[in-house]
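Novice: Can you read through this structure? Questions will come right after.
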Amino acid sequence: MRVWRWCLAIVCSLGLATTARAQTAITLDALRVELWPEYDQAAVLVILSGTLPASVIVPAEVTLTIPGNATVFAAAVQDANQGLLNATFSTTPRADKTLVKLMATARAFQLEYYDSSLTIVGAARTFAWQWQADYAAQQVTLRVQEPVGATNLATTPALPPTGAGDLGLAYREGKLGAVTAGQLLTLDLSYTKSSPQLSV
C-alpha cells in the first residue's frame, strides 16, 4: 500500500510539473505596448495589452513584470463589446521589479502603470523603457503617444508617425514581429517640451 501511494505521489507530481510547464509556455496571439509620456502625470503611462490564444481556458492567471518604481494604475479585460472591465490583480515586490498577477476572465487583457523614470532637465525629456517579455508573442506592436507641446521627438528604434489617433493626439507606431519569452525589449525616447502642461 505504501509503495502504491508513493508511486501515485510521483505520478501526481509529474502531472503538476507538466501542467506548470504548459502554463508558462503560453504564446500570446498579440501584445501591444503603449508609452504615453506626460499624459496626466509628469511620468510615463505604460499600457500593456495582450491577447491570449484560444488554447488557454479563461479565467487564467497572467503574470507580468514591471519596474519596482512603477505604480499600477489599472488592470482590465475586454468584454464582448470591446469595452474594458476591471480585473482582479495583486502585486509582489521582487528585487528591483514588481510581479503583477492579473486574473484574465477574457482573452484580451490590459495592464496600465506609471513609470516615474522620465527624466526632465529644463525643456529636455528622456526616457529609457526596457521590458523582458514574460510571454512569447506572435506579434508585438510598440506605440508612442506624442505629448502636447512636444517637439523634436525621436525614438530608438525609430517608429514612423501614424497621424492623429485617440484623443486627437499624434502617435508613432512600429511592429516588432514575433518575440520569445525572456526577450529584452527596449525603446529610448527623447523630445523637447518647454511647458509642464500635461496632455489630458
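Novice: How many nm is it between the label spots at ALA25 and VAL58, if each spot is 7 Å from the Cα in line with the beta carbon?
Specialist: 2.3
Novice: Express the Stokes-Einstein translational diffusion coefficient of the range 95-200 in µm² s⁻¹, to the nearest whole number, given a Kirkwood radius over alpha-carbon pairs, 10 °C and a viscosity of 1.306 mPa s.
Specialist: Rounded, D is 101 µm²/s.
Novice: Out of these labelled values of Cα Rg over 2.2 N^0.38 Å, (1) 1.14; (2) 0.94; (3) 1.20, which was calculated from the coordinates shown here?
Specialist: Here Cα Rg over 2.2 N^0.38 Å agrees with entry (3).
Novice: Any idea of the accessible area per residue across the range 41-200, 1.4 Å probe, to the nearest Å²?
Specialist: So the range 41-200 comes to 50 Å² accessible per residue, rounded to a whole number.
Novice: For the range 125-200 and the range 66-100, what is the separation of their Cα centres, given in Å?
Specialist: Using only Cα atoms, the two centres lie 19 Å from each other.
Novice: Same structure, new question: Please work out the FRET efficiency for the pair THR151 and THR65, using the Cβ-Cβ distance as r and a Förster radius of 25 Å; give the result to the nearest 0.05.
Specialist: Computed FRET efficiency for THR151 and THR65 comes out at 0.15.
Novice: I'd like the carbon and sulfur percentage of the solvent accessible area for the chain, probe radius 1.4 Å, heavy atoms only, ligands and nucleic acids excluded.
Specialist: 57
Novice: If R0 is 25 Å, what FRET efficiency do you get for ALA74 and GLN132 from their C-beta distance, rounded to 0.05?
Specialist: 0.70
Novice: Placing +1 at every Lys and Arg Cβ and -1 at every Asp and Glu Cβ, with all other atoms neutral, what dipole size does the chain have around its Cα centre, in debye to the nearest 20?
Specialist: Computed about the Cα centre, the dipole is about 720 debye.
Novice: Taking Cα atoms, how many degrees apart are the long axis of helix 2-24 and the longest axis of the chain, rounded to 10 and kept between 0 and 90?
Specialist: Here the helix axis deviates by roughly 20 degrees.
Novice: Based on the Cβ-Cβ distance of GLN139 and THR91, what FRET efficiency does E = 1/(1 + (r/R0)^6) give at R0 = 30 Å, to the nearest 0.05?
Specialist: 0.65
The values are calculated or read from the model by the stated rules, or taken from the named source; none is laboratory data. Everything quoted here is computed from the prediction, not taken from an experiment. Note: ideal-geometry Cβ built from the backbone for every residue, glycine included; neighbour counts use all protein chains shown. Remember, those area values only see protein heavy atoms, side chains included, never the ligands or the DNA or RNA. Shrake-Rupley method; radii C 1.70, N 1.55, O 1.52, S 1.80 Å.
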